Amino acid sequence: MQLLLILGIVFAIGAVGFALQNEVAVTVVLGFWRYDSSLAVVLLVALCLGALIAALVSTPGVIRGQWAGARLRRQAASLEKDKAALELRLRELEAQAPQGSPAPAAPGAAPHAGLKPLMMAQEDANGNDAFGGQSLILK
C-alpha cells in the first residue's frame, strides 16, 4: 500500500512537471460542453479526477478489510480468553487428581486397536474384533 502511494506521488509530480512545461492553449469538448484552457490546467484537472475516482473505487474494499481485521482481532481475543479459562480449569483438575501413577491398563489388552485390524476386521485369539466385540464375520 505504501509503495502504491509513493508511485502515485511520483506520477503526480511528473504530471505537474509535464503540465508546467506545456503551456499551450487547448480546447476540451465533451458532448455539447466545450472548455478552453491551458494544457497544464486540463492535465491537473484530469489527474485530480482520476485520483478521486480511484479513491472512490477502492474505498469499499478498504472498509471491508478494516471490518474483517477488527472482527478477527475480536475473535482472537475471545479465543485467547477461552484458552486462559481452559488452562486454569486444567490446572484445577490436575491439582484435584490423586497423586501417583495413572490407572493400569487391563491385562492383555492392546493399548490401541491399530489401523490394519480395523481395516481387515481381524480377530484376536478370543474371537473379538478390533473394537473389543464379537466378530460378525461368518466363516
Task: Residue pairs meeting the criteria (Cβ under 7 Å; at least 6 apart or on separate chains; first more than 20 Å from residue 51 (Cα to Cα) and open to solvent by less than 100 Å² (accessible area, probe 1.4 Å), in the stretch 11-34; second of a type in the set (Gly, Ala, Ser) and not in a strand (DSSP E or B)) - done: 22/40
TODO: Might you let me know whether the stretch 51-70 holds any residue that is outside any strand (DSSP E or B) and at pLDDT below 90?
DONE: yes
Open item on the list: I want to confirm something. Restricting to the stretch 21-45 and keeping residues that are of a type in the set (Gly, Ala, Ser) and at negative phi, which single residue is modelled with the lowest pLDDT?
Closed with: 40
TODO: Would you be able to say whether some residue in the stretch 54-67 is in contact with a helix residue (DSSP H, G or I) (Cβ under 6 Å, 6 or more places away or on another chain) and surrounded by 10 or more Cβ atoms within 10 Å (Cβ to Cβ)?
DONE: no
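The values are calculated or read from the model by the stated rules, or taken from the named source; none is laboratory data. Since we're looking at a predicted model, the values are computed, not measured. So basically every Cβ, Gly included, is an ideal-geometry build from the backbone, and we count neighbours across all protein chains shown. Please note that ligands, DNA and RNA were not included when accessible areas were found on the heavy atoms of the full protein model with its side chains. Shrake-Rupley method; radii C 1.70, N 1.55, O 1.52, S 1.80 Å.
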